[in-house]
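Undergrad: Can you keep this structure in mind? I'll have questions shortly.
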Amino acid sequence: MSESLPPEASSPSETTPIGLPNDPLTPAATGATDSPPLPSASVVSAPADNEPPLLPPSPPPAPTSHRFIFHGDEREYFRIWIVNTLLTILTLGGFAAWAKVRKRRYLRGNTELMGHRFDYRANPWRLLVGNIIVVILFTAYGLFGQVYPMVRAIALVIAVVLLPWIVVRSLAFNAHNTTYRGLRFYYQQSYLGGAALYFGQFLLVILSCGILYPGWIRKQREFIIGNHRLGDAFFRFKAPVGPFYVSYLLAGLLVGTAAVAGAVITALAVQRHGGKLPDLVDLLPFFALYGLAIFVAKQLLFALLFNHVWSHTTLDDHRFNATLRTASWLKLQSVNLLAIIGTAGLLYPWAQVRSVRFALAHLEFQPSGPIEKIERLGRADGNALGETASEFFGMDFGL
Amino acid sequence: MNAQVTGYWFDGLKLTAHPATLECDGLRVRLTGIETSFETSLAHVSVSDRLGRTPRYLHFPGGGSFETLDNDGIDQLLGAERSDRISLLIHWLEARSRIAAIATLLLVAIVGASTYFGVPVLCRRAALAVPANIERSAGEAALGTLNQWLKPSDLDHTQRRRVLAQLTRLRNASHFATAPRLEYRRLGTFPNAFAFPGGIIVMSNELVLLATDDEIAAVLAHEIAHWQLRHGLQSVFRSSAALLVVTTITGDLSTLTSFAGTIPLTLLQRGYSREFEQDADDYAVQLLKRAQIDTRALASILSKLEKSRPGSGADYSYLSTHPATSERIKRIDPTGTYRELLKPEEPASTEEAKDSPSTDSKPPNPDSQSTKVESLNLVTDADEPPSPLSQTPPTYPLWERVKGNAGTVTLEFVVMKDGTVHNVVAVESTHQAFSDAAIAAVQQWKFRPGKKAGRPVNTRASITIPFTLSEK
């Protein structure tokens, strides 16, 4: 839930196993979580009276499509990334909050829809508070947890109980600080909803031995997307669950095949030199194959679910449509992976810009009418309790 | 100055974008649009930081904002004093390729330097600060993992008592806060001993049977040194430090979760660095001296271990914790009493020879990637046998090299009239990979052809090529 839309997908180094709540294998999740910048709408047609003179009075609304355009530049972002990373290190992590805001602002500020950019306005000081809390908690856990095992158990319980709250807070914080044409996004916080999703339904997934996992991922998308709104326009996510199962089945087959193939190779190698136990060298092909399969599966899932999730997301009556081609995405990410590995991570920002640009180029917005009708919800909205709270409690745990 | 900036005005109530222009006289800002026009004090307006070519925003009291892509225009209009100096500086840094290049170099240098200098120091401090009970539980976790691969020992009581007696000798000479705990295991192929955090010392059956009493004391002293200097914990910290650096840079906490899982494995796989071995040797020598045990016992057991190590390191080669034995022996025992044990073929060792201490014929350079070609045995009916002009040495197959496999290959081939080599076949080979490499190399060889009655003829020849490894 950090960075903007596809960047998560562009960090191919992560290989979290399937099944964790923050599973990167649910890249669509990423897409949607970070969706705040994207889902905003406007219709070119009607607002002829208000629109900039640049746009001539357009013909009445046929279902027009507007592509998302990404203006980011690899070199420019690399410069920003490297300077901010260096400053973060030189300040022993203190600058991290500012670096994060700048990087995120760069990605959102370069994302254009219907002639206007998104903006990210988070106050770095609030992120700093969040960072300090995290550091204190982790240090305390590390020190006391080792000496007093009880602390470990209690901390674990607290962390689990807090998880939905943390997720919801982060979403609200990021939504609140993302704007489009002067309007803020908003995330309807619901701790109970989060708890039901992350405890109740996840328990079902475990009981079903993971069979229900793709369905749970869909629920998760629904929970995240469905609670977002821009002004008085609400996001909705209604998608059939079938493609989720198909995608995860494909990814699972891929990883499973690779694991079996790797195991066979290892077994053959062990047999060849007559040892009873595999040594590390024998295991290398297994890990290589398995790691590669995880990577491909992750990117495959991203591409498949990106299309499915966005094509079933609406903002009131306005629609989205995504046409990311799996093969091209895999090719792009393979090059990214090689570049990142080859430069020991230095080309990470380069890969990020490429990923965002590519994904956004395959996402379009199809307004059903003038988006200028979208207004702030309620006069007092700006000071509504929810938004004030999310502003006050600026937390972003980089989930 | 009648400068103005064009952009859009958003009222914060609707998504509608109103084209507008902005003017500023240094104190007041004037916004002019089709529907909205107003003037306000510059002090009430907040301006977003400049960042790349992203749009700039002016936020007005009441929730309205002005958006423009004209970054330079805004800076000119409002003057530099409006933005705070830090953000101006950061933008200045971000906008320059030369700064980016310098930052890249600095970043690489900092990460590199802290990995090579800072991290070891920090890790030593951290390792020494770990409380003893935690150290012990870390050691037990590691031993538990290792137990999956080790067989229990069937060493009899006499042998165990021998070891215990030596431990007592060392303990009488020096005081440790807690007593080391002895564990015996069977390793299968070659003798070894490990120390785990918390003072757990694992001796292999083979080692106990191989070593004299003094040598057992020497081994114990060395392993005690690893424990007392907390080398195992330092290794763990070192490998996790790398993870922390990555986490800091990418800002991704989720990788931290894998940290806990890596600890037992790291203990097993890391092996001690050369520097740890030297420290442990030095410490052991001191300990032995204090216990009035001949320090040469350490050198002698090292050379015994080296000799007993099988040519093929396939089994447990990753557990090998003792690199560069010859150097270590030289360090412990500069007089060289035991050095020749490493090379029984040449008892009267010369100074130059002492770095290649192994029993079979070796390439002169222990790190050389290729093998030395010897014994060209030519079967020929020619009057004048062919003589080699160029002999490309075969490449040592990486896979076998990593696994520590050695072997020999015997090839037969025909030296043609033109001096090229044809029909290379392996008649004898210990490993497929070796014969492939040997054939590939021999095919490139060039000969002065053999002659019969003064005329070049095809000649049949055979050669045996050894593949041997340096002692790594």
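Undergrad: With the Cα gyration tensor of the stretch B:1-89 giving a ≥ b ≥ c as the square roots of its eigenvalues, does the rule (a/c under 1.5 for rounded; else a/b larger than b/c for prolate; else oblate) give rounded, prolate or oblate? Walk me through the numbers on the way to the answer.
TA: Numbers: a/c = 1.57, a/b = 1.34, b/c = 1.17.
The shape class here is prolate.
Undergrad: What is the mean number of Cβ atoms from other protein chains located within 10 Å of the Cβ atom of each residue in peptide B:42-55, rounded to a whole number? Show your work: numbers first, answer last.
TA: Values: counts 0, 0, 0, 0, 0, 0, 5, 4, 0, 10, 12, 7, 15, 8.
For peptide B:42-55, the averaged partner shielding equals 4.
Undergrad: Cross-link list B:Lys151/B:Lys307; A:Lys100/A:Lys331; A:Lys331/A:Lys373; A:Lys103/A:Lys331; A:Lys298/B:Lys151: which exceed 30 angstrom alpha carbon to alpha carbon? Working shown, then result.
TA: Working: B:Lys151/B:Lys307 23 Å; A:Lys100/A:Lys331 28 Å; A:Lys331/A:Lys373 41 Å; A:Lys103/A:Lys331 25 Å; A:Lys298/B:Lys151 40 Å.
Over 30 Å Cα-Cα: A:Lys331/A:Lys373; A:Lys298/B:Lys151.
Undergrad: Mind checking B:86-92 for the average number of partner chain beta-carbons within 10 Å of each residue's beta-carbon?
TA: Counting Cβ atoms of other protein chains within 10 Å of each residue's Cβ and averaging gives 2.
Undergrad: Compute the distance in nm between two label points, each set 7 Å from the Cα along the Cα-to-Cβ direction, one at B:Leu88 and one at A:Ile206.
TA: Rounded to a tenth, the inter-label distance reads 5.7 nm.
Undergrad: A further question on this structure: Could you order the peptides A:285-292, B:276-283, A:212-219 from most to least packed, using the average number of other C-beta atoms within 10 Å per residue?
TA: Working: A:285-292: 16.2, B:276-283: 19.2, A:212-219: 21.9.
Final packing ranking: A:212-219, B:276-283, A:285-292.
Undergrad: Just subtract the alpha-carbon distance of B:Thr420 and B:Leu122 from 0.36 nm times their residue separation and send over the number in nm, one decimal.
TA: Details: separation 298, 0.36 × 298 = 107.28 nm, distance 6.02 nm.
Length difference between fully extended and current span is 101.3 nm.
Undergrad: How shielded is B:287-293 by partner chains, expressed as the average number of their Cβ atoms within 10 Å of its Cβ atoms?
TA: Working: counts 0, 0, 0, 0, 0, 0, 0.
The mean count of partner-chain Cβ atoms within 10 Å per residue comes to 0.
Undergrad: Quick one: net charge around A:Lys373, please, counting Lys, Arg +1 and Asp, Glu -1 for every other residue with C-beta under 11 Å from its C-beta.
TA: On the way: positive: B:Lys14; negative: A:Asp232, A:Asp316, A:Asp317, A:Glu372, A:Glu375.
Residues near A:Lys373 contribute -4 overall.
Undergrad: Only four residue types carry charge here, +1 at the Cβ of Lys and Arg and -1 at the Cβ of Asp and Glu. Report the dipole size of the stretch B:1-139 about the Cα centre in Debye, rounded to the nearest 20.
TA: Working: 13 positive and 14 negative charges, 173 e Å.
Magnitude of the dipole: close to 840 debye.
Undergrad: List the residues, sorted by chain then number, that are 5 or more residues from B:Val457 or on another chain and whose placed amide H is less than 5 Å from its amide H.
TA: B:Gly450, B:Lys451, B:Lys452
Undergrad: What distance in nm separates the two pseudo spin-label positions at A:Ala263 and B:Glu39, each 7 Å out from Cα along the beta-carbon direction?
TA: It is 8.0 nm.
Undergrad: If you add up the charges near B:Ala193, with Lys and Arg at +1 and Asp and Glu at -1, over every other residue whose beta carbon is less than 12 angstrom from its beta carbon, what do you get? Write down the numbers at each step before the final one.
TA: On the way: positive: B:Arg185; negative: B:Glu183, B:Glu206, B:Glu215, B:Glu223.
Charge balance in the 12 Å sphere: -3.
Readers should treat all values here as calculations from the given coordinates under stated rules, not as data from a laboratory. Everything numeric in this text was worked out from a predicted model, so none of it was measured. Note that we place each Cβ from the backbone using ideal geometry, even for glycine, and neighbour counts take in every protein chain shown.
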